[in-house]
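The numbers here are math on the coordinates, done by the rules we state, and not lab data. The shown structure was predicted, so the numbers you read here are calculated from the model rather than taken from an experiment. Glycine also receives a Cβ, built like all others from the backbone with ideal geometry; neighbour counts cover every protein chain displayed.
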Amino acid sequence: MPAYLIGIFETDEPEKLREYQARVPEVIAQYGGRYVVRGGEHEVLEGQPPGSRYVVVEFADRKQAKRFYNSPEYQAIVGLRTGASHGFLSAVDGV
């Protein structure tokens, strides 16, 4: 069953985030992931989101999503994101 990494973030330092944005697609692809949503226009229909930047990445399953997240390649660059933004990231099983 597919699984999705879903993140909503607010960028604190856009310049610092650019390096992460340039490097992360290759690591996602290396672990079989693909972007479903990466930024883009959005409209809040209900509630208060914790940020304005939305990201959804699809993986074959949650195990593979966690393999990506815990990989040495991703761990080497995740600090670029966490140092330049705040929000949340969650692994969710699809249907």
Subject >> Criterion (under 16 Å from Leu5 (Cα atoms), touching an Asp or Glu at 6+ places or on another chain (Cβ under 8 Å) and of a type in the set (Gly, Ala, Ser)) met by exactly one of Gly87, Gly83, Gly39 >> reply: Gly87
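Every residue in the stretch 1-24 that is within 16 Å of Lys66 (Cα to Cα) and either under 14 Å from the mean Cα position of the chain (by Cα) or surrounded by 15 or more Cβ atoms within 10 Å (Cβ to Cβ) (or both), please.
First pass over the stretch 1-24, keeping only residues within 16 Å of Lys66 (Cα to Cα): 1-7, 24.
Within the stretch 1-24, Pro2, Ala3, Tyr4, Leu5, Ile6, Gly7, Val24 qualify.
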**OP:** Name every residue in the stretch 41-95 that is in contact (Cβ under 8 Å) with a residue 60 or more places away in the chain, in a helix (DSSP H, G or I) and within 16 Å of Glu10 (Cα to Cα), in order of residue number.
**Re:** Leu80, Arg81
Original post:
For the stretch 55-77, does any single residue satisfy the condition of being under 20 Å from Glu26 (Cα atoms), surrounded by 12 or more Cβ atoms within 10 Å (Cβ to Cβ), under 10 Å from the mean Cα position of the chain (by Cα) and among the hydroxyl-bearing types (Ser, Thr, Tyr)?
Top reply: yes
**OP:** Residues being of a type in the set (A, V, I, L, M) and within 20 Å of Asp93 (Cα to Cα): count how many of those fall in the stretch 1-52.
**Re:** 9
